[in-house]
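Novice: Below is a structure I'd like to ask you about.
Computed from the coordinates by the stated procedures, all read-outs in this text should not be read as laboratory data. Everything numeric here is computed off the predicted structure, so don't read it as measured data. Note: ideal-geometry Cβ built from the backbone for every residue, glycine included; neighbour counts use all protein chains shown.
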Protein chains: 2
Amino acid sequence: MDNMNVKKRGCLYGVGVGPGDPELLTLKALRILNGCSVIAHPGKTHDAGVALDCVRPVVQEFHKKTILSCEVPMTKEAAVLDAAYEANASLICERLDAGEDVAFLNLGDPTIYGSYMTIHKMVEDRGYEAYIVPGVPSFCAAAAALEDALCLRGEELHVIPASYDVASALELSGTKVFMKSGKKYQELRTQLQNDARQVDVVTYASMDKQQCFRGASNMPEVAEYLTLIIVYER
Amino acid sequence: MDNMNVKKRGCLYGVGVGPGDPELLTLKALRILNGCSVIAHPGKTHDAGVALDCVRPVVQEFHKKTILSCEVPMTKEAAVLDAAYEANASLICERLDAGEDVAFLNLGDPTIYGSYMTIHKMVEDRGYEAYIVPGVPSFCAAAAALEDALCLRGEELHVIPASYDVASALELSGTKVFMKSGKKYQELRTQLQNDARQVDVVTYASMDKQQCFRGASNMPEVAEYLTLIIVYER
């Protein structure tokens, strides 16, 4: 019978795995990961990557999963990026066509600067089923480590990405969280060291190598990968 | 021997339980809740409350836990609020003195408008051990339900609480998330309906009764409890 050969298409899940501590995965993320035979991640190789390290210790029979490396090149060239995303979408769709469910790992939450979102749209546009599983963002883990509120009562919270104008970002009222601040870090550090505002820096929030630096004068000289700067109005 | 009577003091945990779906609890939140004999929550009674409903289905032997009701009155009067917080802190410290571990439930993440943070400081100031467990904020769950990014690449994300100036909040670049918008909801709705911006509203994100409303013309007439309004720049 023909029906015997019709495989049900698999489903794609964009899984927020939280800030890095495997214990900060949600129950839902873990259930989805346990149920998917294929795990896609934004790393270069099939066996290394921050998001992969975050799920490896908790996922059942992790060694039996197929790992898809879906690297996205570090460029702002739209054509190069689009081609890379389309190639990754194709890799994933091959698996979905084979009836396999795919979990795409996204550090933190997928809807906050998650490169997964582009893949999500592409795969949905090709007619496949796709869902998003929210995760704990890194700034929540950083604030928990600092034991300080990001915002209280009437305070606003602003999340500022890499390509910001330091001076105008610092004028915003309420709490400012600077993410991915690599290139602007020195300018921001200089500005904050000549300033009376409360500043905290957290590197690798929730991971074993997490470090908290309190006060502008204690800001590290160089911004490591996964550095968060929190500037309070208080 | 005197040592036999020296009880080890308990520890306080401010636990982010996520937006409402019990499956969006983290593995860490669940471990801590399973290990605490006392669960404190901001509801009026010992058996009802949104945060309590969110953990009841997943915590082991929930019926054996002692539930502490730590209500905070709906007022802006600082003296009344402070007195209520101090009374709640005292309730909790009694349990810690008895050697019991206490988990204080906080919907979403404790560091984002969490009333827990005030209790945390008070209990630490009294000399007790206290920790914060981060959780998934409601706006991440709302964006996951909408399948839309809160922020991509260079976009800023602004979280705006109840007491905002609608016009100036709408001038911020990037994505605006309006939380707890009860009193300002009508003004915001009118403004957005005369506006070309993309707007989505999510009520009760991640809960069974979650609803998504897309477009300014479909904004509900009245803002229910737990309504989130997302205004995009796109």
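Novice: Output, in nm with one decimal and in ascending order, the distances from the A:S90 label point to the matching label points of the other copies (7 Å from Cα along Cα-to-Cβ).
Specialist: Copy-to-copy label distances at A:S90, shortest first: 7.0 nm.
Novice: Need one number: nm distance between label points at A:N34 and A:K8, each 7 Å from Cα along Cα→Cβ, rounded to one decimal.
Specialist: About 1.9 nm, to one decimal.
Novice: Straight distance only, please: which lysines reach the Cα of A:K8 with their own Cα at less than 26 Å, same-chain residues fewer than 8 apart left out?
Specialist: A:K8 reaches A:K28, A:K64, A:K65, A:K121.
Novice: Continuing with the same structure: Quick test of the membrane-span-like rule: which DSSP H helices of chain B reach at least 30 Å along their long axis (C-alpha atoms) with mean Kyte hydropathy at least 0.5?
Specialist: none
Novice: What aspartates and glutamates could a cross-link reach from A:K180, if we take a straight Cα to Cα line under 14 Å and drop same-chain neighbours fewer than 8 places away?
Specialist: A:K180 reaches A:D165, A:E224, B:E155, B:E156.
Novice: Lysines near A:K184 by alpha-carbon distance under 28 Å, same-chain residues fewer than 8 away left out - which ones?
Specialist: Once the sequence-local lysines are set aside, what remains near A:K184 is A:K44, A:K76, A:K176, A:K209, B:K176.
Novice: Oh, and also: Where the centre of each part is set by its Cα atoms, how far does the range B:156-175 sit from the range A:61-135, in angstrom?
Specialist: Going from one Cα centre to the other spans 31 Å.
Novice: Continuing with this model, one more query. If you take every DSSP beta bridge whose two residues both sit in chain A, what share of them, in percent to the nearest 5, is antiparallel?
Specialist: Percent antiparallel among DSSP bridges in chain A is about 40.
Novice: Here's something else I'd like to know. Counting other Cβ atoms within 10 Å, which GluC sites (Glu not before Pro) in the range B:181-228 have at most 16 and lie in a DSSP loop?
Specialist: Sparse-neighbourhood loop GluC sites (Glu not before Pro): B:E221, B:E224.
Novice: With both partners inside the protein assembly as shown, how many of the DSSP beta bridges are antiparallel, as a percent to the nearest 5?
Specialist: Within the protein assembly as shown, antiparallel bridges account for around 40 percent of the total.
Novice: Sticking with this structure for a sec: For A:V15, B:V222, which order do you get if you count the other beta carbons within 10 Å of each Cβ and list the fewest first?
Specialist: Starting with the residue having the fewest Cβ neighbours, the order is B:V222, A:V15.
Novice: Using amide H atoms built in the peptide plane, which far-off residues or other-chain residues are under 5 Å from B:E156 H to H?
Specialist: Amide H neighbours of B:E156, under 5 Å, 5+ apart: B:G174, B:T175.
Novice: A further question on this structure: Could you list the trypsin sites (Lys or Arg not before Pro) in the range B:11-82 that lie in coil according to DSSP, counting only those with at most 13 other Cβ atoms within 10 Å of their Cβ?
Specialist: Sparse-neighbourhood loop trypsin sites (Lys or Arg not before Pro): B:K44, B:K76.
Novice: Please report the projected area of the range A:9-133's Cα convex hull averaged over all directions, in nm².
Specialist: Averaged projected area of the range A:9-133's Cα convex hull equals 6.9 nm².
Novice: Between A:D125 and A:E94, how many nm apart are label points set 7 Å from Cα along the C-beta direction?
Specialist: About 2.1 nm, to one decimal.
Novice: Out of all DSSP beta bridges in the range B:98-234, what portion is antiparallel? Express it as a percent rounded to 5.
Specialist: On the way: 12 of 16 bridges.
Here the antiparallel bridges make up roughly 75 percent for the range B:98-234.
Novice: Taking the range B:49-110, which GluC sites (Glu not before Pro) meet the DSSP loop condition and have no more than 13 other C-beta atoms within 10 Å? Don't skip to the end; give the middle numbers.
Specialist: Working: sites: B:E61, B:E71, B:E77, B:E86, B:E94, B:E100; in loops: B:E61, B:E71, B:E77, B:E100.
Filter output for the range B:49-110: B:E61, B:E77.
Novice: Okay, moving on. Can you tell me, using C-alpha contacts under 8 Å and at least 6 residues apart, the relative contact order of chain B as a whole percent?
Specialist: Worked out over chain B, it gives 22 percent.
Novice: Another one. Shortest first and in nm with one decimal, please list how far the A:E224 label point sits from its counterparts in the other copies (point 7 Å along Cα→Cβ).
Specialist: Listed shortest first, these distances are 4.5 nm.
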